[in-house]
Amino acid sequence: MGGLMVNQKTAVYVAITTVLANAGIEFTDGMNVAPFMSKELRAIVNAMLFQGFREGEIELDREYSDSDLKAYVSGLQSNWIRKDKRFNGNTTYVAKNPGSRAGSGDQSIANAKRLLAQLQLEGSGSTPEDRDMVETFIREKTLELAAAKTKAATVDFSALPPHLRAKFQKPTTQE
């Protein structure tokens with residue numbers, strides 16, 4: 001790649017198209033590359049991305065240990081094979097479980113989800129009420145976090161049409 005630092009999407013595109021070309025696989029933008037990406041070809045792409053990050057040729061927002069960076073580049077490759085229209089058969093990516101990561105940064109939700117998984121195991125001795133209690137907590141805490149995020153957004157009332165501004169803008173108090 002060399003020279004200027006490239007973004008991750010571009011780096012993945014260049015690495016995959018290079019590896020496919022070297023393997024004698026004809027590539028055109030918009031084709032589905034997933035069936036052609038064998039374990040061996042994916043490993044070569046991962047190695048190219050790893051090296052690009054280590055040599056400072058690909059943008060990276062934080063430092064990673066070697067083992068963490070190896071895991072990161074593998075996920076990065078999978079991510080762009082799924083999401084980049086040039087690689088996924090020119091389809092718009094749709095998340096399989098939208099919202100499944102909601103609240104994942106919150107320790108109480110993360111642990112409640114783990115608890116729920118344990119309670120759902122056969123032989124856990126839990127009752128439907130036990131599971132409902134944990135599910136209710138997860139739902140309420142997720143909504144609470146979403147509401148907190150929403151409150152943080154500021155509205156520029158001057159950019160709204162007059163009828164909305166009149167209805168929703170709180171009068172400012174002048175002293």
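The values are calculated or read from the model by the stated rules, or taken from the named source; none is laboratory data. All values derive from a computational prediction rather than experimental measurement. No Cβ is skipped: glycine too gets one built from the backbone with ideal geometry, and neighbour counts run over all protein chains shown.
In this structure, residue 86 qualifies as part of a loop (DSSP other than H, G, I, E, B), in contact (Cβ under 8 Å) with a residue 24 or more places away in the chain and surrounded by 12 or more Cβ atoms within 10 Å (Cβ to Cβ). Of all residues in region 44-57, those satisfying the criterion of being farther than 20 Å from residue 82 by Cα and within 22 Å of the chain's Cα centre (by Cα) are 52, 53.
For residue 62, the conditions (1) in contact with a helix residue (DSSP H, G or I) (Cβ under 7 Å, 6 or more places away or on another chain); (2) in the same structural domain as residue 18 (by TED's automatic domain parsing); (3) more than 23 Å from residue 35 (Cα to Cα) are fulfilled apart from (1). Would you be able to say whether some residue in region 120-138 is modelled with pLDDT of 80 or more, of a type in the set (D, E, K, R), loosely packed, with under 10 Cβ neighbours inside 10 Å and not assigned by TED's automatic domain parsing to the domain that holds residue 79? Looking for residues that are modelled with pLDDT of 80 or more, of a type in the set (D, E, K, R), loosely packed, with under 10 Cβ neighbours inside 10 Å and not assigned by TED's automatic domain parsing to the domain that holds residue 79, one finds at least one in region 120-138, hence yes.
Here is a yes/no grid of residues against (1) within 15 Å of the chain's Cα centre (by Cα); (2) among the small types (Gly, Ala, Ser); (3) part of a helix (DSSP H, G or I); (4) exposed (fewer than 14 other Cβ atoms within 10 Å of the Cβ):
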{"residue": "28", "(1), (2), (3), (4)": "no, no, no, yes"}
{"residue": "42", "(1), (2), (3), (4)": "no, no, yes, no"}
{"residue": "71", "(1), (2), (3), (4)": "yes, yes, yes, yes"}
{"residue": "94", "(1), (2), (3), (4)": "yes, no, no, yes"}
